[in-house]
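The values are calculated or read from the model by the stated rules, or taken from the named source; none is laboratory data. Please read these numbers as outputs of a predicted model, since none were measured by experiment. Cβ sites come from the backbone with ideal geometry, for glycine too, and all protein chains shown count toward neighbours. These area figures cover heavy atoms from the full protein model, side chains too; ligands, DNA and RNA do not enter into them. Shrake-Rupley method; radii C 1.70, N 1.55, O 1.52, S 1.80 Å.
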Amino acid sequence: GSAGCLLMTMTDNGGGGQPVSLKNLKLLADRAHAQRKLVWIDGCRVYENACFLKALDPDYSDKSLNEIVKEIVDIGDVFTVSFKKMYSHSGGGIFINRKTNSRILTQQQIDSMDFTIMSITTADYGNGFMSYSGLTGDGIVEIMSGMALCLNEAVVARRILEVCYVGSMLHHRFNFPIISGGHALYIAADRILPCIETAHCPAEYLNAIMMKALRIRGCGLGNLVYGGRHVSGLGEVAYSKQLPMDSLRLAVPREVYEQEYLLQALSTLGEAYQKGLFEHLSGGLTPLDYVDNGFYHFGAKYHLNEEDEFNDVVSRMRGLSETVTDTQICSIM
């Protein structure tokens, strides 16, 4: 086909944070390589993926997380990891490419890639080819400690269970439309806001409400990002790949939030849904200067279609948050 490469994100960030089977990954990688396509593995949550494989795939039950991750890395031609999503560091990342034996890249291409990375490092930070890419010694120690935590099965499993527990509570207590992933909760915003047209961005509107009312920031990973949004000259909005769920992701970063805090904050959201606060909202958001490039949502700007409606629901949610007591939370747990 016309695809330039196979990009596989682990866990599947666009599909509810679900794990990727290594059998499926190997099958797709073989097909991509047969067509002379590069295989790029985005290991943003690769240790959670490895933990799922250890728990669910009998072929990996006796392997350590490190052994599983090494097998995953070996399948790809290039591999990226965001340290922002690790357990002790708030930013940075790493790009790994093969030094030899790529099924697609020639040795000349590999050497050229190495030189480009080192040149950019030098130009950006001025520390020479052996630079730390702008990292301080403290930052490097934080990354090392985060990597050590990623290899601790108890730490990784605890985080997965924490996310699963909070998602299950919201679903069973409030009938809240939500999927629990390995690292995040994925809310079906189009079901929360049934009167908001897809063109007016249900996931992004719910995110704005939560940010203003509860100081919780998510990330829309639904139709605005993956749906192939197009606007005609007459202003009509259409989607070439409309998704069955307009997803708002609430990622649980590093070792930041206690389970009790997540329960208290999100119980307010569940109460609001159960009481019908969102049922008749119809304003939504209109993206400004939209570009369908997969990255618009990182720096997006929107027009708020119904400001009075927005302020009203924010005020009502703030009032509701004061009624969600510690006693209620304890009764949930």
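Compute the distance from the alpha-carbon center of the stretch 33-72 to that of the stretch 1-27, in whole Å.
That distance is 11 Å.
Taking the Cβ of Thr9 as the centre, find all other residues whose Cβ is under 11 Å away and add up their charges (Lys, Arg: +1; Asp, Glu: -1). Please list the in-between numbers first.
Working: positive: Arg45; negative: Asp12, Asp42.
Around Thr9, the surrounding residues sum to -1.
Binned at 20 Å from 0, what are the whole-percent values of the Cα-Cα distance distribution for the chain, short to long?
Per 20 Å bin, starting at zero, the Cα-Cα P(r) for the chain comes out as 27, 55, 18, 0 percent.
Cα gyration tensor of the stretch 12-101, axes a ≥ b ≥ c as square roots of the eigenvalues: rounded (a/c below 1.5), prolate (a/b > b/c) or oblate?
Oblate.
Summing Lys, Arg as +1 and Asp, Glu as -1, what charge do residues with Cβ under 14 Å from the Cβ of Leu214 carry, Leu214 excluded?
+3
I want to check a number: in the chain, how many lysine pairs have alpha carbons closer than 14 Å, given a sequence separation of 8 or more or different chains?
Lysine pairs satisfying the spacing and distance rule in the chain number 5.
Under the rule of -39500 (n - 2.57) per DSSP H run of 4 or more residues, summed and divided by the residues of the chain, what mean residue ellipticity at 222 nm is obtained, to the nearest 500 deg cm²/dmol? It would help to have the intermediate numbers written out before the result.
Values: 12 runs with 149 residues, N = 333.
Computed ellipticity for the chain at 222 nm equals -14000 deg cm²/dmol.
Amide H neighbours of Thr9 under 5 Å, at least 5 residues apart or on other chains, H built in the peptide plane: list them.
Asp42
What percentage of the solvent-accessible surface of the chain, computed with a 1.4 Å probe over protein heavy atoms, is contributed by carbon and sulfur atoms? Could you put the intermediate results ahead of the total?
Working: 9190 of 17270 Å².
Taking all protein chains in place, the chain shows 53 percent carbon and sulfur surface.
List, in order, the whole-Hz ³J(HN,Hα) value for each residue of the stretch 194-208 obtained from phi through the Karplus relation with A = 6.51, B = -1.76, C = 1.60 and θ = phi - 60°; use x for Gly and Pro.
Result, rounded to whole Hz: x, 9, 8, 5, 4, 4, 9, 6, x, 5, 6, 5, 4, 4, 5.
Could you tell me the relative contact order of the chain? Use alpha-carbon pairs under 8 Å, at least six residues apart, and round to a whole percent.
Numbers: 517 pairs, mean separation 46.7, N = 333.
Answer for the chain is 14 percent.
What list of ³J(HN,Hα) values in whole Hz, one per residue of the stretch 72-85 in order, does the Karplus curve 6.51 cos²θ - 1.76 cosθ + 1.60 (θ = phi - 60°) give from phi, with Gly and Pro shown as x?
4, 4, 5, 6, x, 8, 9, 9, 10, 9, 8, 6, 4, 9
How large is ³J(HN,Hα), in whole Hz, for each residue of the stretch 239-248 in order, when computed from phi with the Karplus curve 6.51 cos²θ - 1.76 cosθ + 1.60 and θ = phi - 60°, using x for Gly and Pro?
With coefficients 6.51, -1.76 and 1.60, one gets 10, 7, 9, 4, 8, x, 8, 8, 8, 10 Hz.
What FRET efficiency comes out for the pair Ile117/Asn293, r = Cβ-Cβ distance, R0 = 25 Å, nearest 0.05?
Efficiency computed from Cβ-Cβ geometry: 0.60.
Within the chain, which is the longest segment that contains none of the trypsin sites (Lys or Arg not before Pro) sitting in a DSSP loop with at most 11 other Cβ atoms within 10 Å?
100-214
Per the Kirkwood definition applied to all pairs of different Cα atoms, how many angstroms is the hydrodynamic radius of the stretch 137-220?
Taking every pair of different Cα atoms in the stretch 137-220, averaging 1/r and inverting gives 15.1 Å.
Per residue, what accessible area does the stretch 222-266 have, given a 1.4 Å probe and all protein chains present, in Å²?
54 Å²
Give me the net charge for the shell around Asp308: Cβ to Cβ below 15 angstrom, other residues only, Lys and Arg +1, Asp and Glu -1.
-2
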